[in-house]
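Visitor: For reference, the structure I am asking about is given below.
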Amino acid sequence: MAVKTELDLRVAEAHIPGRELKPNRGVPLNLDWVEDVRVNTSAVERRAQSLVSRRTVKKEWQAAWLLRAISCMDLTTLSGDDTDQRVLRLCAKAKQPVQQSIIKQLGLENFHVKVAAVCVYHAFVETALHALDGTGISVAAVSTGFPTGLSPLAERVGEIRRSVNAGAQEIDVVITRAHVFGGCWQALYDEIATFKEACGKAHMKVILGTGDLVTLRNVARASVVAMMAGADFIKTSTGKEAVNATLPIGLVMVRAIREYAANTGMIVGFKPAGGIRTAKQSLDWLALIKEELGHRWLDASLFRFGASGMLADIERQLEYYATGRYSADYRHPIA
């Protein structure tokens, strides 16, 4: 069964003034902008719920949406018992995330399905680089005292530089959450700007640890400061917090990205991570990006999932689709 490989949700594309957006270089810290940030929590929660209740994917586009989700995925292993063998298995899955038999049934033999990146601890950067050489799949390394971000600053900066020197193309850094709690925006800005300098040409994804930030206003303010300091991506969570990526948190962050783009002409990516486990959830997140930011962000260069556990469910749903058992609108679980 051949499928379409483009996306079509019945929603209007978000309008961001100034379509010639440039990569984020950062701007001087604007405390007035940060202090003026306001979030209507109840309105955000209603909007997030409406995305789920209204989301309908045309049957002929269902597989395309799920393939897009795979292409925006960072496959991750960040366990204390990681080994070279585990990383090699993860890299093999990154190169062929969907069984070849399913790809054949979908009529996509000429469509190369792969994930965006593999994310590992520094110790496994070289292993992942060798395994992924020539594939176009990036190697990302978590750094800066992941997941707490509480080691001395010099050690955190040294971690970044070691991973960059080892060849990592992306670095996921962790902020000091206490700076947010205390409203120490200059300290937070300086910390992230220091991380950015250490990253050099590697893309920097700034993990806010949103589940620890207590309020959506704190999430919005931390997002703005991170972008001002030069973040290439802002990311919800380490995946280790009690609360990780939720749609209300994501909505606040992508609206901060939209405002930043409108005000500065610079573009920043978004990565929800942690707690995203099903194919249905991937569709909710893609719908949020489509409605709030537009088509341009529906690409691995600007949107990532930190959701390795989701891949098995997506592969299962693609198999259902290929064999004709896929639901008509995917509003309900498939039996």
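The values are calculated or read from the model by the stated rules, or taken from the named source; none is laboratory data. No experiment lies behind these values; they were computed from the predicted model shown. FYI the Cβ positions are ideal-geometry reconstructions off the backbone, even for glycines, and counts take in every protein chain you see. Surface areas here come from the heavy atoms of the whole protein model, side chains and all, with no ligands, DNA or RNA. Shrake-Rupley method; radii C 1.70, N 1.55, O 1.52, S 1.80 Å.
Visitor: Of everything in region 133-159, what is farther than 27 Å from R217 by Cβ, without any contact (Cβ under 8 Å) to a residue 40 or more places away in the chain and in a helix (DSSP H, G or I)? Give them in sequence order.
Guide: A154, E155, G158, E159
Visitor: With (1) more than 19 Å from the chain's Cα centre (by Cα); (2) over 23 Å from Q85 (Cα atoms) as the list, and H122 as the residue in question, which single condition is left unmet?
Guide: So the condition that H122 fails would be (2).
Visitor: In this structure, does N110 turn out to be open to solvent by 40 Å² or more (accessible area, probe 1.4 Å) and part of a loop (DSSP other than H, G, I, E, B)?
Guide: Yes: the conditions hold for N110.
Visitor: Select, from V164, V219, the only residue that is among the hydrophobic types (A, V, I, L, M, F, W, C) and under 28 Å from G134 (Cα atoms).
Guide: It is V164.
Visitor: Quick one: count up the residues across region 175-206 that are within 25 Å of G265 (Cβ to Cβ) and of a type in the set (A, V, I, L, M, F, W, C).
Guide: 10
Visitor: Mind counting the residues in region 25-71 that are at pLDDT 85 or above, assigned to a helix (DSSP H, G or I), of a type outside the set (G, A, S) and over 22 Å from L318 (Cα atoms)?
Guide: Counting residues in region 25-71 that are at pLDDT 85 or above, assigned to a helix (DSSP H, G or I), of a type outside the set (G, A, S) and over 22 Å from L318 (Cα atoms) gives 11.
Visitor: In the set A307, A300, which member is within 11 Å of the chain's Cα centre (by Cα) and modelled with pLDDT of 95 or more?
Guide: Answer to the selection: A300.
Visitor: Can A131 be described as open to solvent by 10 Å² or more (accessible area, probe 1.4 Å), closer than 18 Å to T194 by Cβ and modelled with pLDDT of 95 or more?
Guide: The answer is no for A131.
Visitor: Within region 191-224, work out how many residues are under 19 Å from T148 (Cβ atoms) and either without any contact (Cβ under 8 Å) to a residue 24 or more places away in the chain or in contact with a helix residue (DSSP H, G or I) (Cβ under 9 Å, 6 or more places away or on another chain) (or both).
Guide: Qualifying residue count for the region: 17.
Visitor: What are the pairs, 6+ residues apart or on separate chains, where a residue within region 64-83 that is over 19 Å from Q105 (Cα atoms) has its Cβ under 7 Å from a residue that is modelled with pLDDT under 95 and of a type in the set (D, E)?
Guide: none
Visitor: Quick one: is R258 farther than 19 Å from T148 by Cβ and either open to solvent by 10 Å² or more (accessible area, probe 1.4 Å) or not polar (S, T, N, Q) (or both)?
Guide: Answer is yes for this residue.
Let's see how each residue does on (1) surrounded by fewer than 24 Cβ atoms within 10 Å (Cβ to Cβ); (2) assigned to a helix (DSSP H, G or I); (3) not β-branched (V, I, T):
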{"residue": "A198", "(1), (2), (3)": "yes, yes, yes"}
{"residue": "M204", "(1), (2), (3)": "no, no, yes"}
{"residue": "E241", "(1), (2), (3)": "yes, no, yes"}
{"residue": "N263", "(1), (2), (3)": "yes, yes, yes"}
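Visitor: Being out of contact with any Leu (no Cβ under 7 Å at 6 or more places or on another chain), open to solvent by 10 Å² or more (accessible area, probe 1.4 Å) and over 22 Å from I171 (Cα atoms) is true for just one of A300, A245, A312, A322. Which residue is that?
Guide: Matching residue, one of A300, A245, A312, A322: A312.
Visitor: Do the conditions hold for T194, that is, is it more than 30 Å from E20 (Cα to Cα) and either out of contact with any Asp or Glu (no Cβ under 6 Å at 6 or more places or on another chain) or at pLDDT below 95 (or both)?
Guide: No; evaluated as a whole, the condition is false for this residue.
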